[in-house]
Amino acid sequence: IPETSDLGSRFPLENAQDLDIGSNTVQAYSIFPENEYFSVSYGSHSEDDKYVELVLEKLLDREEQAEMSFSVIAEDGGSPPRTGTMEVKIVILDVNDNAPIFTQQVYIGKVLENMPEGSLVLSVLATDQDAGVNGDISYELSQAVGQSDSTFVIDPRNGEIKITKPLDFEDSTHHVFRVKATDGGGLSAICKVQVEVVDVNDNAPELTVSSFSSPLPENTVPGTVVALFTVRDRDSGANGKISCALDDQLFFSLRPAYKNYYELLVLEKLLDREEQAEMSFSVIAEDGGSPPRTGTMEVKIVILDVNDNAPVFTQQVYIGKVLENMPEGSVVLSVLATDQDAGVNGDISYE
């Protein structure tokens, strides 16, 4: 009997046969044990046309009770009465009256951004109380948002959701899409899926110079800002927390300015072009990841000369000899002075 049968539906049964006649033949029918779903109706359209029917008294639900058994008893009018029994088994036929139901309305999964293609993110599950084809469920992605439609794929049979390519936390921290479950009769349900991308330390700190002074006069006042630069790391949390330092050198120091800005300062020690005309060192930025990643910026500063050195003669006293009869213009001797400064500051004239 289909589970969608209407109340009052009738289902004919075979009449009971009794070889006696008159009042000794079949007089009544009953159901044992009594149940709330069926009653028995009997009567005759004529002397030779008798009928027995089961009458549906309560709507059926295969998902609540898939089958039931009872007895139909025929009783004659003799004294004492005699009975005959027929066993009745009712099988409730399924119709697609139940849509799939997801175990959750929202599924939340997490995936590391460096997980390889084909990695499992999560599984969704829908159930259907119907039987057979009506209870067979298939899954598909529905209403994808942004790039999620090409980033994820779902197994239509078991609801496993996998990534089709590695994710990038720096491009998108989460993906939202929907999954549709459809049974064999065409009824469907939809759930929401949220995938959170977990950051890994896959980006090194980046340093960018905003301003830079070079060449630098050797008489630059200590504390002067030589360069202003920014640091950034596309990772988040500890992976994006940056600290900066200089490699070993004596002339410069770093000072945080504001936000991610740093100032490169001249130290208390004075510069001296004549001692070192050019300086090269590294600014090293390190994040808080485990293991940490570093970024390096090479700095080259040319020291500009100032006239801080006087000429120095190679001798304090020069002694020369000249014959008294040497002609005018004869060379008596040469003097020589040197100057450690460069360019014009080092050009020497004599008088």
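The values are calculated or read from the model by the stated rules, or taken from the named source; none is laboratory data. In this text the structure is predicted, and so the values were computed from the model without any measurement. Heads up, the Cβs are rebuilt from the backbone with ideal geometry, glycines too, and the neighbour counts pull from every protein chain shown. Remember, those area values only see protein heavy atoms, side chains included, never the ligands or the DNA or RNA. Shrake-Rupley method; radii C 1.70, N 1.55, O 1.52, S 1.80 Å.
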Problem - Computed over the stretch 101-198, Cα set: Rg, Dmax in Å - result: 13.8, 47
Problem - Cα convex hull volume per residue for the stretch 206-304 (Å³) - result: 87
Handout entry: Positive-end residue of VAL302, ALA16, HIS45, charge dipole of the chain with Cβ unit charges
Key = VAL302
Exercise for the section: Calculate how many DSSP beta bridges within the chain are antiparallel, expressed in % of all such bridges and rounded to the nearest 5. Expected result: 90
Fill in the blank from the handout: Note, the stretch 322-337: 3J(HN,Hα) by Karplus (6.51, -1.76, 1.60, θ = phi - 60°), whole Hz, Gly/Pro = x, goes 9, 6, 5, 9, 6, x, 4, x, 5, 6, 8, 6, 10, 10, 9, 10
Practice task
Could you pull out every residue, at least 5 positions away or on a different chain, whose amide H is within less than 5 Å of the one on PHE252? Hs are placed 1.01 Å off N in the peptide plane, and Pro or chain starts have none.
Solution key: LEU267
Fill in the blank from the handout: Among the Cα-Cα pairs of the stretch 9-91, the proportion with separation greater than 14 Å, in percent, is 65
Practice task
Rounded to whole Å and sorted largest first, list the principal axis extents of the Cα atoms in the stretch 263-351.
Solution key: 89, 21, 20
Problem - Size of electric dipole in the chain: Cβ of Lys, Arg +1 and of Asp, Glu -1, about Cα centre, debye, nearest 20 - result: 720
Problem - Sorted peptide list for 83-91, 52-60, criterion being average Cβ within 10 angstrom, highest first - result: 52-60, 83-91
Problem - Accessible area in the full protein assembly, largest first, 1.4 Å probe, for ASP48, ASP202, ASP136, ASP171 - result: ASP48, ASP171, ASP136, ASP202
Practice task
Kindly write out, for the stretch 252-267 in residue order, the coupling ³J(HN,Hα) from the Karplus curve 6.51 cos²θ - 1.76 cosθ + 1.60 (θ = phi - 60°), rounded to whole Hz, with x marking Gly and Pro.
Solution key: 10, 9, 10, 9, x, 9, 7, 6, 9, 9, 10, 10, 9, 10, 7, 6
Problem - Computed P(r) (all Cα pairs; the stretch 309-350; 10 Å bins; percent) - result: 24, 37, 26, 12, 1
Practice task
Compute the accessible area per residue over the chain, keeping the other protein chains in place, probe 1.4 Å, unit Å².
Solution key: 61
Problem - Full-stretch length increase - HIS45, GLU14 - with 0.36 nm per residue and alpha-carbon distance subtracted - result: 9.7 nm
Exercise for the section: Identify the trypsin sites (Lys or Arg not before Pro) of the stretch 270-351 meeting these criteria: DSSP loop state and at most 11 other C-beta atoms within 10 Å of the C-beta. Expected result: LYS321
Completion exercise
For the GLU298, LEU122 Cβ pair and Förster radius 56 Å, calculated FRET efficiency rounded to 0.05 is 0.75
Exercise for the section: Quick one: work out Rg over Rh on the C-alpha atoms of the chain, Rh as Kirkwood radius. Expected result: 1.60
Practice task
Considering the options PHE229, ILE284, TYR258, tell which one lies farthest towards the positive end of the dipole of the stretch 206-304, charges being +1 on Lys and Arg and -1 on Asp and Glu at the Cβ, about the Cα centre.
Solution key: TYR258
Exercise for the section: Could you tell me which of VAL335, GLN65, SER142 has its Cα farthest along the dipole of the chain towards the positive end, charges placed at Cβ (Lys, Arg +1; Asp, Glu -1), taken about the Cα centre? Expected result: VAL335
